[in-house]
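The values are calculated or read from the model by the stated rules, or taken from the named source; none is laboratory data. Here the structure is a predicted model, which is why all the values come from computation and not from measurement. When we count neighbours, we look across all protein chains shown, and the Cβ atoms used for this are built from the backbone with ideal geometry, even at glycine. Areas reflect the complete protein model, heavy atoms only, side chains present, ligands, DNA and RNA absent. Shrake-Rupley method; radii C 1.70, N 1.55, O 1.52, S 1.80 Å.
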Amino acid sequence: MIVLGIESSCDETGVGIVSLDAAGRLELLADEVASSVELHARFGGVVPEVASRAHLEAMQPTMRRAVRTAGIELSDVDAIAVTCGPGLAGALLVGVAAAKAYAAALGVPLYGVNHLAGHVVADTLQHGPLPSPCLALLVSGGHTQLLRVEDLAGKISEIGATIDDAAGEAYDKVARVLGLPYPGGPPIDKAAGRGNPTAIHFPRGLTGPRDAKYDFSFSGLKTAVARWVERRERDGEPIPTDDVAASFQEAVADVLTAKAVRAATDLGIGTMVLAGGVAANSRLAALAAQRCADAGIELRVPRPRLCTDNGAMIAALGAHVVAAGIRPSPLDFSADPALPVGTVCV
Ligand code: KG4
Ligand code: ZN
């Protein structure tokens, strides 16, 4: 069976194609992404209307490229999955409308699925099925959550989340303070590699004894970095960009991994999976590997390409949903910018 996935929740137009065999094994046939990130760079963040228009222009070419790469015809597709939330309303609508048109024209079932569950499923394309239960640390530009995943096609529950900024958002804002390009994750990751992570001690949010055990906060950290840089500028001193990046990155990776390992240990969960754009971060993966090994937890980290937004993860989630025997979505479903993580398929 061939499942096609369409992703358009933010600034990446993704079309992925997977095949699912009788034994439930997934094979990735195509993963094409067109990004509008350059159109947003000068604004320091995604401009929703610009993203929607870019999706509209990129949808058909990306679809054609994916079908060609997979070596199939569109008529070979047996089911379509599309991200219907959470994300930017206009951007989601382009993907949902396109998916409905393709599904109707091809006469195949359509599944409106959850972007966040898609991030978690991405790892199965590289490392095979996830054990049940597992703990997902989902860290992206819009979300930072700890999820208990019992069943990828349905039972996903949130056990902790950020109370303010997402981790990726903090990366993007700190990059701006340091004069680094948008999106901030990759350039900070690179600068941090040259810097000293212990040069400056930045605060670790919500790690006091009375704070919520599994929740996160990154807005204080972001402000602390901005104040530190402002003070140096006021004193006419140079900004040690690499050291600031490394020290900021250490604070993020420290808090994320400490809380995730604590949650897995408390809940008796033996496998942790990293997901979302920030999971592509080199220090996060290294520190998670070290702390999981110390705690006897198996760690799974997909390759960077599968961490950031893509259509392959949506195709993979579609395949899981089909394999679980879940009924297709009614054709009148709409995009839901605030779709809760517990709703895997609408
Ligand atoms: O999952 P994603 O592609 O889109 C959302 O659903 O938000 O995540 C994008 C976020 C951006 O904030 C970007 O700065 C961050 O992921 N990111 C990284 C790295 N690569 C991307 N953050 C830290 N280190 C990286 N190497
Ligand atoms: Zn995402």
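Annotations
- Among (1) open to solvent by 60 Å² or more (accessible area, probe 1.4 Å); (2) over 29 Å from Leu339 (Cα atoms); (3) in a loop (DSSP other than H, G, I, E, B), the one test that Leu180 misses: (1)
- Unmet requirement for Asp266, which otherwise passes all of (1) under 30 Å from Gly128 (Cβ atoms); (2) not in a helix (DSSP H, G or I): (2)
- Picking from residues in the range 255-285 that are within 16 Å of ligand 2 (Cβ to nearest atom) and of a type outside the set (A, V, I, L, M, F, W, C), the one that is most open to solvent (accessible area, probe 1.4 Å) is Gly277.
- Check on Ala275, out of contact with any Lys or Arg (no Cβ under 7 Å at 6 or more places or on another chain), touching a residue at least 40 places away in the same chain (Cβ under 8 Å) and within 27 Å of Arg305 (Cβ to Cβ): yes
- Qualifying positions in the range 162-177 - open to solvent by less than 40 Å² (accessible area, probe 1.4 Å) and either farther than 19 Å from Val37 by Cβ or part of a loop (DSSP other than H, G, I, E, B) (or both): Thr162, Asp165, Ala166
- Within the range 296-339, tally of residues that are in contact with an Asp or Glu (Cβ under 6 Å, 6 or more places away or on another chain) and either among the acidic types (Asp, Glu) or assigned to a helix (DSSP H, G or I) (or both): 3
- Within the range 111-127, being open to solvent by 10 Å² or more (accessible area, probe 1.4 Å) and either under 15 Å from Leu137 (Cβ atoms) or within 11 Å of ligand 2 (Cβ to nearest atom) (or both) holds for one residue alone: His115.
- Scope the range 286-317; condition open to solvent by less than 30 Å² (accessible area, probe 1.4 Å), under 18 Å from the mean Cα position of the chain (by Cα), more than 16 Å from ligand 2 (Cβ to nearest atom) and of a type outside the set (D, E, K, R); matching residues: Ala288
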